[in-house]
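Before any comments, here is the structure.
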Amino acid sequence: MELQKKLSSGIEKAKLYWHQPPRGRYMTYKEILSYSMGGMGVKFIVFCVQNMIISVSNTLIGNTIGIAPKPLYAIYLLSVLSGFPLTALRARMIDNTRSMKGKYRPYVLIMGIPTAILGTAFIWMPYENMGLLTKCVVVLLFNIGFQFFYNFMNDAFDSLLFLLSPNTIERSDVCSIKSVIENFSPSVASIFLPIVASWITGDTKLYDLRIYRVIYPPMLLVGLLMAVLVHVNTKEKIVQAKTHVVQLRFLDAFRAVARNKYFWILSLAGWLGFLENSFDSILGWLYNYQKVCTPAQYSLITAITGNASFWPNLIAPGFIRKYGKRKILIYTNLMSVVFILMMYPVIAYSRPASMIWLFTLCFFINKLVTALGHLLHPSINADIRDYQQYITGERIDGMFATIGLIGSVITLATNFVLPAIYERAGLNESVAISLGYSGANVYDVLNNSEYFMQIALVLILASALGALLNVIPFFFFDLTETKQRAMVTVLKIRALFEDYGNNALSDEALVEAIDLIEEAKAHVEPEPRKLSKDEIRAAKKSKDKQAAKQARQLYYQYKEENEKIEIAKFIMREINRFDTVEGMAEIAGARQLVDAGIGSLADAQLITLRQAKALPKQSEQEKESRKAALMRARNIALARKTIKNYYEDGLVEFDMGVFDKLFAAEDKTEIALKSTLDALLQAKNKKNRQAKKQLREEITVLRQQKTEIKHEIKKAMKQNSIYNRAAKPYLDAKKLLIQQENYRRYEDIAARYAESKERAEKAHAEKQAQIQQERKDKELEAERLKAEKEQKKRSRK
């Protein structure tokens, strides 16, 4: 009975929030399910294509196609180098995207289609008839395509979560749900792969191209069809002013991301831990070369290890709320070191019959623990981007991938370590020949039990070292959940004042921002309480359940109040930023520049880089002021250089009104195109040839108009980018003065609160009534169709 009530309540809740999110959240249940189910499709594509991406430990390319580690490393270098300009192009496309469809959402499908085509073509190439050089060239050319299309699709899907919700807790919850659902695809594929392989080849080895030619193309097609759900049923939400215009130059965005310390911490962790997963190949080697189990047993093993990441998904939201991301990352990485080292005695001392089962146990526990940490990475990346917008005012998501190219350069060097380890441990041509093999495939060495053990033990020690190095940077990661909430709150407040200044403020945004500011005022004075669990422990010791319950409630109440106090200080520091000594000095400098006019940039006596470097840097405030002065000096130097190159007759102000016209025209064309495509679909269903012909002509015209508008937008953005470089010091100063003026108008904005709240509540009630009515209409329609069906059945009888 209790279970029935819970199920009934869950169904009602799902219906209620299917088309609208719960209060304080941003994603509907329909969005969450679509993103997760679409993620299952994306993971089908990832499962296939990931095995086609060049890496030193890639078994499909190394063992199956037959490219040895050294030439494999050579084409890996070329593949990574080819990715540099492609990644920069991808970043520019994302950061300068201005579309009704969003920043990332369209690319999941647009890049998914060529990825699936490339994946199918890759697996059907006649490698059996190719020499080593031809194999290398073909694999490299396909990987250059994957560098752009596959990486774009995968990055777009993962990064989409960053923009579906600005709420870090909601993002973590969605990430857990998504991971539970999407991991079904690789788990199923891994379970059935050994069994299907034995049916196709009659052998236990998985290194036969026939296996992948049968399995991969259908998986790629199914994955692509499922990915359509992401494109159709999700919507991006970016916390910034409605009137904000993206104006990014590659180098400007690059410099901005370079200031993001949390990005470097997370990147450094990955670079240092490059050896952590070296042991991953050992499990497959035990099956394929040491023949320690049957195909059915190996299917069971892959099912067990493949589902190791499932269980952390269930507990991750609770763990994040209780311990925070930083603690989880540190402890899971330290535990990973322990469980990797436990594999050493398994390989060194256990008998072949029990070796794979004991190794599977260690492997499973390690993946179980590390999966909890890896699960946090999308949410942490989203928090890092929020921090980026907080410090720079821009959502420059794509540029993170470009700066990640620095990591690719580092990876080029570090990835040479693993082939060197293979070579020194005995996985080389000379050892293969000495054992009686031809040497064409050096992996034949792994058939020898002594060399297998020698190589495996070295990889285990390398993995333990990698896991230990990986944890070090996380000790310096201090971006807490509370700090992230505070930053997003400040972004909302900034958007409020910017939209107010541009006369584009919505009632809902006004009410939310005023509530946040007033709550901050109420909590800014009290000092945070010192949290202690001593009372909880004492109550538990006395075995007084009621006292223990009250102590826990009090502890969490104090914790919540402390979070509100921390957020309040963050908010009030933003609101009062122009009343501080540093803020007033900044305003004075800005006023001086604005009063002198935009023409003064070329020759006025403004701060130089030498003067900025000479400023004192003893206290924290002096360091911040010096950093801001250095940035102003660099901007002034760049502005003067740009004016000299592009504005011989003097700096001419750019007309921002051109964007309003172009964006309005773009939106109008997109709406007209969608409407015409819908009409074409109806005409096809009705088999109206004349209408179809006319509509196709209209679609051609609209697409041509859209292309022309995009060209004009691109041209305007380029001109605007040059102007912004030339006028940046002046524009920044002007923006600062406007921001100060808007902040002073807080009382005027607050005076509109009551009317705005009334209108917002009325609009919310109308929306709720509309949703309820739509639900009733659907239920009535379903009943009508059911009745018609029953009537037809009776008529037949």
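Quick note: the coordinates plus some simple rules give every number you see, no bench work behind them. Fair warning: this is a prediction, and the values are worked out from it, not measured in the lab. Here the Cβ positions follow ideal geometry from the backbone for every residue, glycine too, while neighbour counts run over all protein chains shown.
What longest region of the chain stays clear of GluC sites (Glu not before Pro) that DSSP places outside H, G, I, E and B and that have at most 13 other Cβ atoms within 10 Å?
It works out to 1-647.
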Item to check | Relative contact order (percent, whole number), the chain, Cα cutoff 8 Å, 6+ residue spacing | outcome: 14
Checklist outcome for this item: Here FRET efficiency (C-beta to C-beta, Lys15 to Lys237, R₀ 22 Å, nearest 0.05) is 0.45
Next on the checklist: Under a crude label model (7 Å from the Cα following the beta-carbon direction), how far is Ser542 from Thr134 in nanometres?
Outcome noted: 8.5
Checklist entry - Mind checking the log10 I(q)/I(0) for segment 594-729 at q = 0.20, 0.21 Å⁻¹? Debye, one equal scatterer per Cα, no solvent, two decimals. => result -1.09, -1.13
Checklist entry - What translational diffusion coefficient, in µm²/s and rounded to a whole number, does the Stokes-Einstein relation yield for the chain at 10 °C and a viscosity of 1.306 mPa s, taking the hydrodynamic radius as the Kirkwood radius over Cα pairs? => result 52
Checklist entry - Lys541: net charge of surrounding residues, Cβ under 15 Å, Lys/Arg +1, Asp/Glu -1, itself excluded? => result +4
Checklist outcome for this item: Between Lys644 and Arg610, Cβ-based FRET efficiency (R0 25 Å, step 0.05) works out to 0.80
Item to check | Anchor Lys367: lysines whose Cα lies under 21 Å away (excluding residues fewer than 8 positions away in-chain) | outcome: Lys43, Lys178, Lys325, Lys327
Checklist outcome for this item: Per-residue ellipticity at 222 nm attributable to helices in the chain (runs of n ≥ 4 DSSP H, -39500 (n - 2.57) apiece, nearest 500 deg cm²/dmol) works out to -26000 deg cm²/dmol
Checklist entry - P(r) of segment 507-572 in 10 Å steps, Cα pairs, percent per bin? => result 21, 33, 24, 16, 6, 0
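Working out 0.36 nm times the residue gap between Gln772 and Gln454, then minus their Cα-Cα distance, what length gain in nm do you get to one decimal?
This chain segment gains 107.7 nm when fully extended.
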Checklist entry - How high is the FRET efficiency between Glu783 and Arg321 when r is their beta carbon distance and R₀ equals 56 Å, given to the nearest 0.05? => result 0.85
Checklist entry - Over the alpha carbons of segment 641-795, what is the largest minus smallest coordinate on each principal axis, giving the biggest first in Å? => result 86, 51, 17
Next on the checklist: If each residue of separation counts as 0.36 nm, what is the full-extension length gain between Thr294 and Glu712 once their alpha-carbon separation is subtracted?
Outcome noted: 144.2 nm
Next on the checklist: Assuming 0.36 nm per residue, please report the length gained on full extension of the stretch Thr480 to Lys623 beyond their Cα-Cα distance.
Outcome noted: 49.1 nm
Checklist entry - So which DSSP H runs in the chain come out at 27 Å plus along the axis (Cα) with average Kyte-Doolittle of at least -1.0? => result 29-50, 69-95, 132-164, 209-233, 352-375, 449-471, 481-501, 657-686
Checklist outcome for this item: Expressed in nanometres to one decimal, the distance between label points 7 Å along Cα→Cβ at Arg752 and Asn685 is 4.3
Checklist entry - Per 5 Å bin, what is the whole-percent P(r) computed from every C-alpha pair distance within segment 424-535? => result 2, 9, 10, 9, 8, 7, 6, 6, 5, 5, 5, 6, 7, 9, 5, 2, 0
